[in-house]
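For reference, the structure discussed in these notes is given below.
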Amino acid sequence: MAKTRYMALALEEAAAAAAAGEVPVGAVLVEAGSGAVLARARNRVEELSDPTAHAELLAIRAAAAALGMKRLTAADLYVTLEPCAMCAQAIAFARLRRLYFGAYDPKGGGVEHGAEIFRQPTCHHRPEVIGGVEETRCGDLLRGFFQARR
């Protein structure tokens, strides 16, 4: 049940992103042993005028800075949408232990779709991946956001 609790925190971040006019993606980075939340983030691409300001990258950056470590081997990432190729590669570089994501992204995902970063022979670290956590809630938030914009 812990995974749904952490995904609920990621969904809170995603809802805050939507309220700010950002694509509603939220991420939470958790220390695997203690369950302590190391960082929370939401998409801030529009706000920062930064195409790399995805929730996953912002959470990884915040946790790495707070811990003074470039490798987060004892951390698990919870994110509401399947990470894109850029974020998947950052997850590999950070050596995260496990990735939990909510909604699958057949168009832009880089884990189970598209580039499938962790399946590439050039990927030197492959976290354990668990997709579909709170998939309906995560997908509904995204669908609602884009329907309202049409």
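Quick rundown of the values:
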{"item": "Lone qualifier among A103, A85, A74 - being closer than 20 Å to E13 by Cβ and aliphatic (A, V, I, L, M)", "result": "A103"}
{"item": "Residues that are modelled with pLDDT of 95 or more and among the basic types (K, R), drawn from the range 123-150", "result": "R126, R137, R143"}
{"item": "Hits in the range 69-120 (condition: over 23 Å from A17 (Cβ atoms) and of a type in the set (F, W, Y))", "result": "F93, F118"}
{"item": "Wholly enclosed strands (runs of 3 or more DSSP E) of the range 33-150 bearing at least 2 residues of a type in the set (A, V, I, L, M, F, W, C) and free of Cβ contacts under 8 Å to residues at least 60 places away in the same chain", "result": "37-42, 75-81, 98-103"}
{"item": "Number of the condition not met by N43 [criteria: (1) open to solvent by 20 Å² or more (accessible area, probe 1.4 Å); (2) among the polar types (S, T, N, Q); (3) closer than 27 Å to A148 by Cα]", "result": "(1)"}
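The values are calculated or read from the model by the stated rules, or taken from the named source; none is laboratory data. Keep in mind that what you see is a predicted model, and the values were worked out from it rather than measured. Every residue, glycine among them, receives a Cβ derived from its backbone with ideal geometry; neighbour counts consider all protein chains shown. Calculation scope for accessible area: heavy atoms of the full protein, side chains included, ligands and nucleic acids excluded. Shrake-Rupley method; radii C 1.70, N 1.55, O 1.52, S 1.80 Å.
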